[in-house]
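Only the coordinates and a few stated rules stand behind these numbers; no lab work does. Given the structure is predicted, the values throughout are model-derived calculations rather than measurements. Note that each Cβ is placed from the backbone with ideal geometry, even for glycine, and that neighbours are counted across all protein chains shown.
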Amino acid sequence: MGTVFANTAEVTAAAGQHLGYSDWLEIDQDRINTFADATGDHQWIHVDPEAAAEGPFGATIAHGYLTLSLASMFLPQVMEVQGVSMGINYGVNKVRFLTPVVVGSRLRAGVELSQVDQIEGGIQAVATITIEIEGSERPAAVIESVSRFID
């Protein structure tokens, strides 16, 4: 576990800090295929290893939205807020997909607590989540994720 906050006051005090990194996760073809089935996006670059081997990346790649959705798994590994009645995903301010994620790649997320604002009944926190690809200088994605924590 990364950073555990006892309450929203501790989260507010940590604004601007890097909170740590998630575990590494290998992106295999089964995960890509399952995401394709869930979303109906069966483009060959994702689900046809033979055709993708002849394509621009030499193999299948993960959907951008698959990479984005992993933020929901990675963020709780890095940041936990205790002493609240609930935490909710409020959305994203910005998402950029910078590098394709080739099947077999390993990903992890680094999290910076970019901004914390008071809202009625709690706080709104913006976490900049950088999805890294092991061995790559450029990240797969950078996400400004917005969460609300209600006291």
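Things worth noting here:
- Distance between the C-alpha centres of the range 55-70 and the range 1-49: 13 Å, rounded to the whole angstrom.
- Neighbour counts of other Cβ atoms within 10 Å put 8, 39, 60 in the fewest-to-most order 39, 8, 60.
- Cα long-axis angle, helix 29-39 against the chain (0 to 90 degrees, to the nearest 10): 70
- What you get for the range 1-68, charging only the Cβ of Lys and Arg (+1) and of Asp and Glu (-1), is a dipole of about 360 debye around the Cα centre.
- Using C-alpha pairs under 8 Å with a sequence gap of at least 6, the mean separation divided by the residue count of the range 4-151 gives a relative contact order of 31 percent.
- Within the range 77-94: backbone nitrogen closer than 19 Å to the residue 142 label point (7 Å, Cα to C-beta): 92-94
- Restricting the range 14-87 to GluC sites (Glu not before Pro) in coil, as DSSP defines it, with at most 11 other Cβ within 10 Å: 54
- Taking the Cα centre of the range 99-149 as origin and assigning +1 to Lys and Arg Cβ atoms and -1 to Asp and Glu Cβ atoms, the resulting dipole is close to 200 debye.
- Taking each residue as 0.36 nm, the span from residue 18 to residue 89 lengthens on full extension beyond its C-alpha to C-alpha distance by 23.6 nm.
- Label-reachable residues, the range 65-107, where backbone N falls under 20 Å from a point 7 Å from residue 51's Cα toward its Cβ: 65-66, 100-104
- Ranking of 32, 119 by count of other Cβ atoms within 10 Å, fewest first: 119, 32
- Estimated dipole of the chain in Debye, rounded to 20 [Cβ of Lys and Arg +1, of Asp and Glu -1, Cα centre]: 300
- Beta-bridge orientation, the chain: approximately 95 percent antiparallel, per DSSP, counting only bridges with both partners inside.
- Build a GNM of the chain with springs between Cα atoms under 10 Å apart, and of 101, 126, 81 the one that fluctuates most is 81.
- The range 21-76 - percent relative contact order, Cα under 8 Å, separation 6 or more: 31
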